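A short worksheet on the structure shown next.
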Amino acid sequence: MTDTTGMTGTALSAPELSWAITGVDTAPLDAVPTLRFRLCVGCRGVESVRSLTLAVSVRIVATLRDYTAEERARLRGVFGTPDQWASGIGELVWARPVVHVPGFTDHTEVEVPVPCGQDVELASVSYLSALSGGDVPLRFQFSGTVFHSRGGRLEAARLPWDSEVKYRLPVECWQRMRETYFGSYRWVRVAESVYRRLDDYRVRHAYRSPEEAIESLLKLSGRV
């Protein structure tokens, strides 16, 4: 896996923090499928960091990779038709976790949890589901407050606006985690009234499952 480091330049009274994503792990025992990114935080210019509260914005930088013709077709619902890509493609917000970093000197490592559900109405899920391979270009943006010691005094400082780091997540990592939790099944959320109509159609035509009823409707539409 590829990792990239970023350095934050700060004001005189604040510590100089560095950021690096060193890898990613799956969490098979979590109630919700979650990727846990390993974030290494380093500091210079202070005796120690007492605590650090990070509000993290995990963003997909879609412009930083190429796409096959098949992937572009599957991404029409996210970025539009090919002639709309120039104006439609951009960054997608994947998650906004909050991470509490305990006190440390020099450097420490914490986990940044990113839930990975199956809600296809979310642009990030539709995007990830459309990819066949390669990497997902990510940008981690950090904001928050750092409490640190200097000269025996406790001081506080806001993180500067340019606190961020980039990372390329292998698509197969996300696919493997999704397969572990959901197998070959996908979940579609529908309103109660829509489900009742679908179930009524299933019963009237003696289909054994909603899936068979949906397949029948797709055939009637001439799409399959």
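(1) 141; (2) 154; (3) 127: which one is volume of the Cα convex hull per residue in Å³ as calculated from this entry?
(2)
Please give the helix 171-182 orientation as an angle from the longest Cα principal axis of the chain, in degrees from 0 to 90, rounded to the nearest 10.
Roughly 60 degrees, rounded to the nearest 10.
For helix 210-221, report the angle its Cα long axis makes with the longest principal axis of the Cα atoms of the chain; keep it between 0 and 90° and round to the nearest 10°.
The helix 210-221 is inclined about 70 degrees to the chain.
On a 0 to 90° scale, report how tilted helix 192-204 is relative to the longest principal axis of the chain, with both axes built from alpha carbons and the result rounded to the nearest 10.
30 degrees
Values quoted throughout were computed directly from the atomic coordinates according to the rules given, and no laboratory measurement underlies them. What you are looking at is a predicted structure, and each value in this text was computed from that prediction instead of being measured.
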